[in-house]
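Reviewing the structure listed below.
The values are calculated or read from the model by the stated rules, or taken from the named source; none is laboratory data. As the structure is a prediction and not an experimental result, all values here were calculated from the model. All Cβ positions, even for glycine, are placed from backbone atoms using ideal geometry, and neighbour counts span all protein chains on display. Ligands, DNA and RNA are stripped out before the accessible areas are found, and what is left, the full protein with its side chains, is counted by its heavy atoms. Shrake-Rupley method; radii C 1.70, N 1.55, O 1.52, S 1.80 Å.
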Amino acid sequence: MAGLGLVGAALLAAGAVCLGSGCADLGYYKQSAAGHLDLMTRAKPVDDLLADAATPDRLKQRLALSKQMRDFSVQVLKLPDNASYRAYADLQRPAAVWNVVAAPPLSLQLKTWCYPVTGCVSYRGYFDRAEADALAARLREQGQDVYVYGVPAYSTLGWSNWIGGDPLLNTFVNGGEGDLARLVFHELAHQKLYVADDTLFNESFATAVERIGVRLWLAQHGDDASRDAYARLQAMRKDFRELTARTRDALYKVYLGEGSDDAKRRAKSELLARMRSEYEAMKQQRWGGFGGYDTWFANANNASLGLQAAYNDLAGDFERLFVQQGHDFERFYAESARIGALPKAQRHATLRAIP
């Protein structure tokens with residue numbers, strides 16, 4: 001591929017990185033293009049790696065499994081049949097990008113960044129952790145609640161398929177079988193349907209597709225061990241979502257209620273402390289001491305709680321829509337697209353009204 005063509009594609013893909021980030025200025029475009037270009041140049045076709053005697057056996061096993069999942073995503077889930085997730089890249093770092101989210105100290109409304117092509121999104125991503133931390137520091141100086149987190153994968157919404165598509169990454173390919181399927185199905189769902197200026201709609205849609213897809217994959221292809229392992233993780237995720245949702249609801253009432261800002265700050269501190277206490281009890285009584293969420297709860301604030309809402313608040317509604325459409329993926333996608341074309345408030349209300 002000619003250098004200018006690849007760089008041009010990377011610049012276009014920079015807009016797609018806005019699905020987990022943003023591109024407000026030339027400097028941001030530069031780091032987005034350079035980061036995505038580096039990712040693409042590291043990618044090698046899965047078939048070549050499987051045929052290479054130098055590829056470690058463990059990686060071969062995961063790549064072979066990913067091929068089966070990719071075929072399943074097309075044949076059963078009716079997700080796009082293209083170049084994405086048919087190559088693999090080792091980034092030699094623990095995350096594909098690092099996202100920054102921010103919210104006011106007395107609100108759960110996430111700060112947004114608006115850009116061409118992708119519209120407005122509620123997070124801003126960087127390929128370099130130091131750059132993400134620098135933005136986070138500036139936002140904290142402005143009094144914002146800030147959360148920085150690593151993202152194992154992102155979608156270019158299909159724009160990079162002509163140069164190889166979104167690759168499998170070392171950041172997620174070695175996870176459990178259910179989690180590998182979950183990430184592939186989630187990111188492909190963004191290529192199936194994306195609505196500008198609506199993070200809640202887009203992430204909830206992709207989360208619903210991943211949940212439905214993983215259930216079907218494990219039912220048809222998983223063994224008892226993989227199904228049990230994923231069920232345990234999903235039970236903990238459900239507990240996590242319910243606890244954080246209760247806390248968000250309580251905080252909403254505080255922030256929208258009467259009272260001074262000082263009183264609201266005290267109430268916020270009390271609610272966060274109660275949430276952390278409930279988490280510790282849940283961890284010991286229900287999770288067998290599993291501490292995978294320790295860091296999240298230790299640093300929980302309006303930004304991290306607001307982000308949870310963006311990924312989950314409409315996911316259950318989309319799952320009910322799938323049932324309503326007769327468990328037919330093509331009908332489900334068509335109806336989701338129809339709803340996505342409505343004005344934002346109307347599309348959210350339409351989804352929430354699904355019985």
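In a simple Cβ point-charge model (Lys, Arg +1; Asp, Glu -1; nothing else charged), the chain has a dipole of about 500 debye relative to its Cα centre. Think of region 261-332 as having a plus end and a minus end, set by charges on the Cβ of Lys, Arg, Asp and Glu; of Leu314, Ala298, Phe332, Ala298 sits farthest toward the positive end of this dipole.
Of all DSSP bridge pairs formed entirely within the chain, close to 90 percent run antiparallel. How tilted is helix 3-17 with respect to the longest principal axis of the chain? Cα atoms for both, answer in degrees (0 to 90, nearest 10). Here the helix axis deviates by roughly 30 degrees. Anisotropy class assigned to region 179-253 is oblate, per the alpha carbon gyration tensor with a/c at or over the 1.5 cut-off and a/b no larger than b/c. Note on the chain: with neighbouring protein chains present and a 1.4 Å probe, carbon and sulfur make up 53 percent of its accessible heavy-atom surface. Recomputing Cα extents along the principal axes in Å from the coordinates shown identifies the correct label among [x] 72, 50, 40; [y] 65, 49, 42; [z] 62, 46, 46 as [y]. Per-residue extension of 0.36 nm, minus the Cα-Cα distance of Tyr252 and Ala34, leaves a gain of 74.5 nm for this segment.
This model, with +1 at the C-beta of Lys and Arg and -1 at the C-beta of Asp and Glu, gives region 77-159 a dipole about its Cα centre of some 140 debye.
Extension gain, Arg320-Ala281: 0.36 nm per intervening residue step, less the Cα-Cα distance, totals 10.9 nm.
Once the chain from Asp52 to Lys78 is taken as fully extended at 0.36 nm per residue, the excess over their C-alpha distance is 6.3 nm. Helix 26-42 and the longest principal axis of the C-alpha atoms of the chain enclose an angle of approximately 40°. Protein heavy-atom accessible surface, 1.4 Å probe, per residue over the chain: 44 Å².
Peptides 200-206, 226-232, 284-290, 105-111 ordered by packing proxy, namely the average of other Cβ atoms within 10 Å per residue, highest first: 200-206, 105-111, 226-232, 284-290. Take every Cα pair under 8 Å whose residues are at least 6 apart in sequence, average their separation, divide by the length of the chain, and the relative contact order is 19 percent. Placing a label point 7 Å from the Cα of Arg237 along the Cα-to-Cβ line, the residues of region 318-355 whose backbone N sits under 16 Å from it are 318-320. From helices alone, the chain scores -20000 deg cm²/dmol at 222 nm; the rule is -39500 (n - 2.57) for each run of n ≥ 4 DSSP H residues, then divide by the residue total.
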